[in-house]
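Down below is the structure, laid out as structure tokens.
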Amino acid sequence: MLKIGLLLLILPILLLMGAYFMELSDVRECLLIQEGHWDYRSGVCRETAQPFVPWIDRHPWLVNGGMLTSVAGVALCMVGLYVKRR
């Protein structure tokens, strides 16, 4: 149970960071190389300025689901550490 808890604790964090940094690389390419403005809602580079939309507003289920999965992982880790091995 401890191994499953650790997996549920760490895996969502890594997936969220991976998704965030993939989008960040696209944003940086748009701003620095193409010298445009990133449209956060549609995920494309545009010529005109676009409003900033936070990541949690664009992907609420991914963020909240990842956090809930991590909390479940913490709970499983606590149970795994509390229960004696047979």
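Take Cys45 and tell me if it is surrounded by 14 or more Cβ atoms within 10 Å (Cβ to Cβ), of a type outside the set (Phe, Trp, Tyr) and out of contact with any helix residue (DSSP H, G or I) (no Cβ under 9 Å at 6 or more places or on another chain). Considered against the rule, which asks whether it is surrounded by 14 or more Cβ atoms within 10 Å (Cβ to Cβ), of a type outside the set (Phe, Trp, Tyr) and out of contact with any helix residue (DSSP H, G or I) (no Cβ under 9 Å at 6 or more places or on another chain), Cys45 comes out as no. Reported count of residues in the range 42-56, each being of a type outside the set (Asp, Glu) and part of a loop (DSSP other than H, G, I, E, B), is 9.
Taken over the range 1-37, the criterion of being open to solvent by 80 Å² or more (accessible area, probe 1.4 Å) and in contact with a Gly (Cβ under 6 Å, 6 or more places away or on another chain) is satisfied by Met1 alone. Take the conditions (1) at pLDDT 90 or above; (2) open to solvent by less than 80 Å² (accessible area, probe 1.4 Å); (3) closer than 30 Å to Gly80 by Cβ; Tyr40 misses just one of them, which is (3).
The sole residue among Val79, Val71, Val27 that is under 20 Å from Lys3 (Cα atoms), part of a helix (DSSP H, G or I) and without any contact (Cβ under 8 Å) to a residue 60 or more places away in the chain is Val71.
The values are calculated or read from the model by the stated rules, or taken from the named source; none is laboratory data. Because the structure is predicted, anything quoted here is derived from the model rather than measured. Cβ sites come from the backbone with ideal geometry, for glycine too, and all protein chains shown count toward neighbours. For accessibility, only protein heavy atoms count, side chains too; no ligands or nucleic acids. Shrake-Rupley method; radii C 1.70, N 1.55, O 1.52, S 1.80 Å.
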